[in-house]
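Engineer: Take a look at this one; I'll ask things after.
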Amino acid sequence: MKLQSIITATGDLPEGPSDALPDALGDLAGTHVLLLGLDVAVMCALIRRGCAEVAELEPHERPEAHRFDRVIVPTVASADAALRAVAHARRALLPPGSVLLWTDCDPTGQIGETIRRALRLQGFSLIRVRRAGTRTIFTAMLSTLGPRPLALGEAA
């Protein structure tokens, strides 16, 4: 695994755009975050919000297993990218970790539906979907007990 960038919570960081991170992240003090996708503005914003470590990988690179508290995917551009991102998030997270993914444009809703289905199939729960302008933001928690059984007739 080749880490593209690792920044730890030391030194001065450049100011970035205030909307680089959605409020859905909550308290980040002391957390270890994996950023799937190269985005320096988001990385700096995470450090400013108190992360102990932020590692950044290319979306196609496989992350180290069970190392991170949070995984953030700032750009999901296709259904294939959504499946890969959720699988990488599942591998990288320590339970009860959380994942945040966002899409910039999904006029057909196919990417969003793929993200929801992939999160459920990978054992995530508390799936939340929010719209912020043209972005759709998905958050979910990795269950410590495994996936919730589906009710009769319920789709994944």
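Values in this text are rule-based calculations from the coordinates and carry no lab data. Note that the structure is predicted; figures quoted are calculated from it, not measured. Methodologically, a virtual Cβ is constructed for each residue, glycine included, from the backbone with ideal geometry; neighbour enumeration extends over all protein chains shown.
Engineer: What does a probe at R117 reach in the stretch 77-96, counting residues whose amide N is under 14 Å from the point 7 Å along Cα→Cβ?
Structural biologist: Hits in the stretch 77-96 for R117 at 14 Å: 79-84.
Engineer: Follow-up. What residues qualify as long-range amide H neighbours of V71, i.e. H under 5 Å apart, gap of 5 or more or another chain, H built at 1.01 Å from N?
Structural biologist: Result for V71 returns L34, S98, V99, L100.
Engineer: Okay, next question. Go through the stretch 132-137 residue by residue and turn each phi into a ³J(HN,Hα) via Karplus (6.51, -1.76, 1.60, θ = phi - 60°); whole Hz please, and just put x for glycine and proline.
Structural biologist: So the J values, rounded to whole Hz, are 9, x, 8, 8, 10, 10.
Engineer: Tell me, in nm to one decimal, what length is gained between A87 and I137 on full extension, where the rule is 0.36 nm per residue of separation less the Cα-Cα distance?
Structural biologist: Values: separation 50, 0.36 × 50 = 18.00 nm, distance 1.75 nm.
Extending this stretch completely gives an extra 16.3 nm.
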